[in-house]
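The values are calculated or read from the model by the stated rules, or taken from the named source; none is laboratory data. Please read all numbers here as calculations on a predicted model, not as lab measurements. So basically every Cβ, Gly included, is an ideal-geometry build from the backbone, and we count neighbours across all protein chains shown. Ligands, DNA and RNA are stripped out before the accessible areas are found, and what is left, the full protein with its side chains, is counted by its heavy atoms. Shrake-Rupley method; radii C 1.70, N 1.55, O 1.52, S 1.80 Å.
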Amino acid sequence: MIEIPARRGKAARLRKGQMVKVINTTGQQVVDTWAFNASDLHEFMSMEHSRVAIGRIIPVVGDTLVTNNRQPILTFVEDTSGGIHDTLFAACDRWRYELLGCAEYHDNCTDNLAAGLAELGLAPPETPGPLNLFMNIPVVDGNRVEVRPPVSTRGSHVALRAEMDCIVAFSACPQDMLPVNGIAMRPTEAHFEVLD
Ligand SMILES: [Zn+2]
């Protein structure tokens, strides 16, 4: 089991057929998730292409997420979290926190993606829209989006199977100015495990 420290990012290599289990250790922590083709980082899991492929905005068990070249990259194989995730919101970044009134630098998922990949000697060509695991962004009245606390519980998890050799990256979202990570607004660690 590998820790994604609170407010930080982490990445790992997956071979085709391997699974990664993403664990919501404390229950209220959103984990921004990305996947890149191991042989070409310019091909990556794309939420806008995946929504077309699966015909919904929140993937369910059995759904295969695709890249910006519309190739299968990760399949949802297990979900004990309550099934509420987000594919609509961009990763947080320093400008998001500046707009929320934060005067100093604030940890953010965009920089965490870069830091996680840097540990593998890699750099993201851009910050793709993330699969925001455990993030609760309901569409209200058919059009408005709201930020609500996660519904996931302590120790619940999602398992994703690699459909190509890929690099997966995670960020334990450091959002502490909105209830993204629970009403306490206290970001925590999460964990993942690579399974053969
Ligand atoms: Zn974030």
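At-a-glance table
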| read-out | value |
| --- | --- |
| Near pairs, Cβ below 6 angstrom, 6+ apart or cross-chain, from region 100-112 (free of Cβ contacts under 8 Å to residues at least 60 places away in the same chain) to any residue that is among the β-branched types (Val, Ile, Thr) | Thr110/Thr127 |
| Scope region 174-189; condition more than 12 Å from the ligand (Cβ to nearest atom) and surrounded by 14 or more Cβ atoms within 10 Å (Cβ to Cβ); matching residues | Pro179, Gly182, Met185, Thr188, Glu189 |
| Every residue from region 7-50 that is part of a loop (DSSP other than H, G, I, E, B) and of a type in the set (Val, Ile, Thr) | Thr25, Thr26, Val30 |
| Residue in region 75-92 that is among the charged types (D, E, K, R) and open to solvent by 40 Å² or more (accessible area, probe 1.4 Å) present | yes |
| Residue match in region 92-100 (condition: of a type outside the set (Phe, Trp, Tyr) and touching a strand residue (DSSP E or B) at 6+ places or on another chain (Cβ under 9 Å)) | yes |
| Qualifying residue in region 145-154 (condition: of a type in the set (Val, Ile, Thr), touching a residue at least 60 places away in the same chain (Cβ under 8 Å) and part of a strand (DSSP E or B)) | no |
| Residue check for Asn112: open to solvent by less than 50 Å² (accessible area, probe 1.4 Å), part of a strand (DSSP E or B), within 12 Å of the ligand (Cβ to nearest atom) and modelled with pLDDT of 95 or more | no |
| Which numbered condition Arg70 fails, given (1) charged (D, E, K, R); (2) touching a residue at least 24 places away in the same chain (Cβ under 8 Å); (3) open to solvent by 40 Å² or more (accessible area, probe 1.4 Å); (4) touching a helix residue (DSSP H, G or I) at 6+ places or on another chain (Cβ under 8 Å) | (2) |
